[in-house]
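Working notes, beginning with the structure itself.
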Amino acid sequence: MTPDYSSNQNSGGTILIKIPLNCVIQYPSIPVQTIYVLSFLEAGNAWRNFKQFNPYDIKKSVGAGVRIFLPMFGVLGLDYGYGLDDIPGLPSASKGQFHFSINQSID
């Protein structure tokens, strides 16, 4: 059975724009460079169809994080991101959030 997403305007889409701008600052906090900090600025949005598509309606966020390389897990990351734009129907989505990642991201 296919879910009915008609009542939720924030359920995803078929058209996507993603603009990641990452600045990695490697700071040798220990002799072997396995820990580094980073900052990022990301922008993007998704639309259901071409009628709704507006390339100027991009949601932006900024943040910072830390990456630690451990041979048994790979790269572990902890990021804090903060949304700069309001998301319709989700007022708490534009607040700050922590994100945890294991290994490399799939961008």
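The values are calculated or read from the model by the stated rules, or taken from the named source; none is laboratory data. Values in this document were obtained by computation on a predicted structure and should not be read as measured data. Note: ideal-geometry Cβ built from the backbone for every residue, glycine included; neighbour counts use all protein chains shown.
Values computed for the structure shown
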| read-out | value |
| --- | --- |
| Residue among Ile68, Ile58, Ile35, Ile87 that is touching a residue at least 40 places away in the same chain (Cβ under 8 Å) and more than 14 Å from the chain's Cα centre (by Cα) | Ile87 |
| Options Asn54, Asn45, Asn49; residue that is modelled with pLDDT of 80 or more, touching a Ser or Thr at 6+ places or on another chain (Cβ under 7 Å) and either more than 24 Å from Gly74 (Cα to Cα) or not hydroxyl-bearing (Ser, Thr, Tyr) (or both) | Asn49 |
| Residues (surrounded by 13 or more Cβ atoms within 10 Å (Cβ to Cβ) and aromatic (Phe, Trp, Tyr)) located in region 34-81 | Tyr36, Phe40, Trp47, Phe53, Phe69, Tyr80 |
| Given (1) free of Cβ contacts under 8 Å to residues at least 12 places away in the same chain; (2) surrounded by 10 or more Cβ atoms within 10 Å (Cβ to Cβ), number of the condition Ile102 does not satisfy | (1) |
| Residue among Gln97, Gln104 that alone is in contact with a strand residue (DSSP E or B) (Cβ under 7 Å, 6 or more places away or on another chain), modelled with pLDDT of 80 or more and of a type in the set (S, T, N, Q) | Gln97 |
